[in-house]
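Sharing a structure here in structure tokens format.
The values are calculated or read from the model by the stated rules, or taken from the named source; none is laboratory data. What you see is a predicted model; the values in this text were computed from it and never measured. Cβ sites come from the backbone with ideal geometry, for glycine too, and all protein chains shown count toward neighbours.
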């Protein structure tokens, strides 16, 4: 049973890793629309991962040395799956950190551009001065 849950966890983590890689490509391309779609798909997978983690919780309370295995081969298979889960998780965290740094750079660059636009507008207003309003004309003639 444990091997099955660890296998499901690995399958989900591999899908998340694939979506994280896609996410990086979309961030680099500035494709916000597709990025939102990928983030939505990732959230669905993360919800599935939470369910699997809840199923694994009872096994975490067990002493691994007293756990009964059908065979040493099954135990080794489970150990390998768990190691692959850890590697996938490390990859996902690394990708997420890189993406966060890229998004932070993009945000800062956008802030600089916006500030530049604001400064340009301020300078233009300063050079042009206040708007000239033509004098109002008042008709003082009467028909009487």
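Residues of segment 25-62 being under 18 Å from residue 101 (Cα atoms) and not in a helix (DSSP H, G or I), which ones?
30, 31
While we're looking at this one, here's another question. Consider only pairs whose beta carbons are under 6 Å apart and that are at least six residues apart or on different chains; among these, list those whose first residue lies in segment 95-112 and is farther than 23 Å from residue 16 by Cβ and whose second residue is surrounded by 10 or more Cβ atoms within 10 Å (Cβ to Cβ) and at pLDDT 95 or above.
Pairs found: none.
Go through (1) at pLDDT 95 or above; (2) surrounded by fewer than 17 Cβ atoms within 10 Å (Cβ to Cβ) one by one and return the number of the condition residue 42 breaks.
So residue 42 meets the others, but not (2).
Only one of 106, 67 is modelled with pLDDT under 90, touching a helix residue (DSSP H, G or I) at 6+ places or on another chain (Cβ under 9 Å) and assigned to a loop (DSSP other than H, G, I, E, B); which?
Sole residue among the options that is modelled with pLDDT under 90, touching a helix residue (DSSP H, G or I) at 6+ places or on another chain (Cβ under 9 Å) and assigned to a loop (DSSP other than H, G, I, E, B): 67.
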